[in-house]
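One structure is given below, encoded as structure tokens.
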């Protein structure tokens, strides 16, 4: 018995010493962690600087110190007491929410149809939708603008929202996810008497709920942070979204960076909440999209 | 309950015809099994009865009514799928009750019906569980329950036991058979497993390449196979096939003359079931050398080379022959199955 304990002890000591020896001396691990740490710093520094700048006075703005000499929350009081900020916040929230609902609905509907129905021109339609992913937004804003002008949508909520009510990326993503739903489920529902819309709504959609959540988060975040198109299509300050509105803190003589940084810091709150609440869906969505794509 | 009748049923995909004019009548309350190898068209046939595949030609009748152009929901059928197709996001209760969504009956009656079906399938204690919390056999019961709850005229089963392990499969086989004996509903059951077909069916339909090869009771298809394909497909191990020569009053096989009148002369194929070919010490039909042994417990399967042709014979499990030994094999002439040059059974 004593022998067994002794050999077990020596084995454990051997393992821990081996682990200790392997850890710090493994050059690849050192390199890997160093690169990761550098990457993390690069990603985190703008956020840290934004938070830092939001509690600085204007005179300290161009000092690159992270911790201000005289920290203040006056910027937050100022921004929050300015009615425009809350208006823009509300606009962004409304537009992002409505666009997300619309895009998730239509992307899932079209993705389902492209995946589960056989009809003439299906492949061509899918390729056509997919090919729009290759056109950058900067190129699309001109036709969008001309279209908005023709239909009288300039300077309206609908004008801001219409390009995003359905997305090629979402359609592609949902089509890929619907591929994982066995046809037997749909056929069983067909035999049970559901019509095609009911089958989509009550059978197919719940089966791809994680994908729907991931897509909803992507679209919400994309719309929340959208800048170029809302900037182009809106003129009235009342219709500005938050990213566009924040730029108005620049005046002719100076840019009020402390106010912009404060607004930006406040604007990240919904993003953080959405991410913290749904991060497992985001990660799963990204992972699944990668696997299926 | 209802009859099912297929009249000259055809199915084409583009220019490829996969079902070549199937005709079959299933009696009211009958349990018919469609069996055949992969790609023979058995599932396609079932899906055409269900309305999940369009009919390219011919007629499908259920209860005497032509249903070719009726939607699946209007055919009064229920189907159990190979992968169960029970919805993972719904409880057992909701899954079973799913088929009642369209039924115009009070909620209390629906609930009672779900409870009744669950009781028949011994699933009452699992009604509030999700499918992920159930075993394979329980999931299969839920799938059957969902089909039962609507009290359909015809049950369609599409290889429902394929995903179960061997023990559970034989258990579910019995349960489905008991269920049929209790309900007397018409059942069309598709499988590629001839044991399932033999043990469950009132009649078996053996299919190959989109054609029906034979329709008959399990005993008929086993003892009187219509052709070589059926003879080999039904029964395990498969029937031995030997090249023979028929002369007046006897057949010569592997150099031995067997006293059986083939009713014709010339080349002939002789089929012998391994059960009918015994290793013996007494009078023998063939002599050969044992090349392989498969002990099964009570019996041993002996693979014997007779004149360059390998056959499977049964030997005593307690006293099997030795590997490499020369053994005598005996078959009663009346147990020979004879097939002509086209592979059809010789009457």
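For the subset of the stretch B:33-53 comprising residues that are closer than 25 Å to residue A:194 by Cβ and part of a loop (DSSP other than H, G, I, E, B), which member is farthest from the other protein chains (Cβ to nearest Cβ)? Checked the stretch B:33-53; the qualifying residue farthest from the other protein chains (Cβ to nearest Cβ) is B:53.
Take the conditions (1) under 14 Å from residue B:339 (Cα atoms); (2) touching a residue at least 24 places away in the same chain (Cβ under 8 Å); residue B:261 misses just one of them, which is (2). Which residues, taken from the stretch A:165-192, are within 14 Å of chain B (Cβ to nearest Cβ) and in a helix (DSSP H, G or I)? Across the stretch A:165-192, the qualifying residues are A:183, A:184, A:185, A:186, A:187, A:188, A:189, A:190, A:191. Any idea which residue in the stretch A:138-164 is modelled with the lowest pLDDT, counting only those that are part of a helix (DSSP H, G or I) and loosely packed, with under 12 Cβ neighbours inside 10 Å? That would be A:138. Selection of the stretch B:325-347 for residues being part of a strand (DSSP E or B), within 24 Å of the chain's Cα centre (by Cα) and over 15 Å from residue B:252 (Cα atoms) yields B:344, B:345.
Of all residues in the stretch A:165-185, exactly one satisfies the criterion of being under 27 Å from residue B:77 (Cα atoms) and buried (at least 22 other Cβ atoms within 10 Å of the Cβ), namely A:178.
Only a single criterion out of (1) in contact with a helix residue (DSSP H, G or I) (Cβ under 9 Å, 6 or more places away or on another chain); (2) under 21 Å from residue B:147 (Cβ atoms) is not satisfied by residue B:24, namely (2).
Here B:345, B:262 are screened, and the one residue that is under 23 Å from residue B:220 (Cα atoms), outside the structural domain of residue B:208 (by TED's automatic domain parsing), at pLDDT below 90 and crowded, with 16+ Cβ neighbours inside 10 Å is B:262.
If you filter the stretch B:151-175 down to residues that are within 23 Å of residue B:110 (Cα to Cα) and out of contact with any strand residue (DSSP E or B) (no Cβ under 6 Å at 6 or more places or on another chain), you find that the one that is surrounded by the fewest Cβ atoms within 10 Å (Cβ to Cβ) is B:151. Before we move on, is residue A:53 modelled with pLDDT of 85 or more and touching a helix residue (DSSP H, G or I) at 6+ places or on another chain (Cβ under 6 Å)? When the stated conditions are applied, residue A:53 passes them. The residue that is surrounded by the most Cβ atoms within 10 Å (Cβ to Cβ), counting only those in the stretch B:177-190 that are at pLDDT below 95 and touching a helix residue (DSSP H, G or I) at 6+ places or on another chain (Cβ under 9 Å), is B:185.
Rundown of residues vs (1) in a helix (DSSP H, G or I); (2) more than 9 Å from chain B (Cβ to nearest Cβ), yes/no style:
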position	(1), (2)
A:194	no, no
A:198	yes, no
A:204	yes, yes
A:220	yes, yes
A:235	no, yes
A:238	yes, yes
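In the stretch B:214-236, the residue that is surrounded by the most Cβ atoms within 10 Å (Cβ to Cβ) out of those that are in contact with a helix residue (DSSP H, G or I) (Cβ under 8 Å, 6 or more places away or on another chain) and free of Cβ contacts under 8 Å to residues at least 24 places away in the same chain is B:221.
Rundown of residues vs (1) surrounded by 23 or more Cβ atoms within 10 Å (Cβ to Cβ); (2) without any contact (Cβ under 8 Å) to a residue 40 or more places away in the chain; (3) more than 22 Å from the chain's Cα centre (by Cα), yes/no style:
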{"site": "A:213", "(1), (2), (3)": "no, no, no"}
{"site": "A:218", "(1), (2), (3)": "no, no, no"}
{"site": "A:222", "(1), (2), (3)": "no, no, no"}
{"site": "A:227", "(1), (2), (3)": "no, yes, no"}
{"site": "A:234", "(1), (2), (3)": "no, no, yes"}
{"site": "A:237", "(1), (2), (3)": "no, no, yes"}
{"site": "A:243", "(1), (2), (3)": "no, no, no"}
{"site": "A:259", "(1), (2), (3)": "no, no, yes"}
{"site": "A:263", "(1), (2), (3)": "yes, no, no"}
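If you check residue B:310 against the conditions, is it under 32 Å from the mean Cα position of the chain (by Cα) and free of Cβ contacts under 8 Å to residues at least 12 places away in the same chain? Here the answer is no, as residue B:310 does not meet what is asked.
Condition (residue is part of a helix (DSSP H, G or I) and more than 10 Å from chain A (Cβ to nearest Cβ)) applied to the stretch B:21-32: is it met by at least one residue? Looking through the stretch B:21-32, none of the residues is part of a helix (DSSP H, G or I) and more than 10 Å from chain A (Cβ to nearest Cβ).
The values are calculated or read from the model by the stated rules, or taken from the named source; none is laboratory data. Remember, predicted model here, so these are calculated numbers, not experimental data. Note: ideal-geometry Cβ built from the backbone for every residue, glycine included; neighbour counts use all protein chains shown.
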